[in-house]
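The structure's right below; bear with me while I get my questions together.
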Amino acid sequence: QVRLVESGGGLVQAGESLRLSCATNESKIKLSAMGWYRQSPGKQRELVASITRSGSTDYADSVKGRFTISRDDAKLAVYLQMNSLRPEDTAVYSCNSQLFDWWGQGTQVTVPS
């Protein structure tokens, strides 16, 4: 049962930007801190960014200054703005509700070297 749906991934060149979205129809998502994770082949899943209910954010060192996580509780959505993309950002990106442990199917981001 898919509760979270990611979108916005794609193929972009190094230095370009993408905005990922994570949407749900579950209103209780407002109660949960949210996170964006990524996983590339042969690597462990990595927490990229997180946001609390009050909007406090945290980022992996590898994306600080380039990625921005935000949430719009009125729209039941969480976003990840990704700027200055690099080949090492290539991965499947998934959003997660930390309180309910919900996951989406993921969206592929590819940045060719």
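The values are calculated or read from the model by the stated rules, or taken from the named source; none is laboratory data. Source: prediction; values computed, not measured. When we count neighbours, we look across all protein chains shown, and the Cβ atoms used for this are built from the backbone with ideal geometry, even at glycine. Protein only, heavy atoms only, side chains kept; ligands, DNA and RNA dropped before computing areas. Shrake-Rupley method; radii C 1.70, N 1.55, O 1.52, S 1.80 Å.
Test V92 against the stated conditions and say whether it is among the hydrophobic types (A, V, I, L, M, F, W, C), under 11 Å from the mean Cα position of the chain (by Cα) and open to solvent by less than 40 Å² (accessible area, probe 1.4 Å).
Values: among the hydrophobic types (A, V, I, L, M, F, W, C): yes; under 11 Å from the mean Cα position of the chain (by Cα): yes; open to solvent by less than 40 Å² (accessible area, probe 1.4 Å): no.
It is false that V92 is among the hydrophobic types (A, V, I, L, M, F, W, C), under 11 Å from the mean Cα position of the chain (by Cα) and open to solvent by less than 40 Å² (accessible area, probe 1.4 Å).
Just checking, which of T110, T52 is closer than 17 Å to R19 by Cα and of a type in the set (S, T, N, Q)? Steps first, please.
Values: T52 fails: closer than 17 Å to R19 by Cα.
None of the others qualify; the one that does is T110.
Also: Starting from the stretch 85-96, keep only residues that are under 17 Å from R3 (Cβ atoms), then list their pairs with residues that are assigned to a loop (DSSP other than H, G, I, E, B) whose Cβ atoms are within a distance under 7 Å, requiring at least 6 positions of separation or different chains.
Y93/G9; Y93/G106; S94/G104; S94/G106; C95/L4; C95/G104
Pick from the stretch 101-113 the residues that are of a type in the set (A, V, I, L, M, F, W, C) and either farther than 16 Å from T24 by Cα or open to solvent by less than 60 Å² (accessible area, probe 1.4 Å) (or both): which of them is farthest from the chain's Cα centre (by Cα)? Even if it seems obvious, please write down each step before you answer.
Our first condition is that a residue be of a type in the set (A, V, I, L, M, F, W, C); within the stretch 101-113, this holds for 102-103, 109, 111.
Filter once more, keeping what is either farther than 16 Å from T24 by Cα or open to solvent by less than 60 Å² (accessible area, probe 1.4 Å) (or both): 102, 109, 111.
Working: W102: 13, V109: 11, V111: 16 Å.
The residue in question is V111.
Among the residues of the stretch 56-89, write down those that are open to solvent by less than 40 Å² (accessible area, probe 1.4 Å) and either of a type in the set (A, V, I, L, M) or assigned to a loop (DSSP other than H, G, I, E, B) (or both). Working first, answer last.
To start, the set of residues in the stretch 56-89 that are open to solvent by less than 40 Å² (accessible area, probe 1.4 Å) comprises 60, 63, 66-67, 69, 76-80, 82, 85, 89.
Of everything in the stretch 56-89, those that are open to solvent by less than 40 Å² (accessible area, probe 1.4 Å) and either of a type in the set (A, V, I, L, M) or assigned to a loop (DSSP other than H, G, I, E, B) (or both) turn out to be A60, V63, R66, I69, L76, A77, V78, L80, M82, L85.
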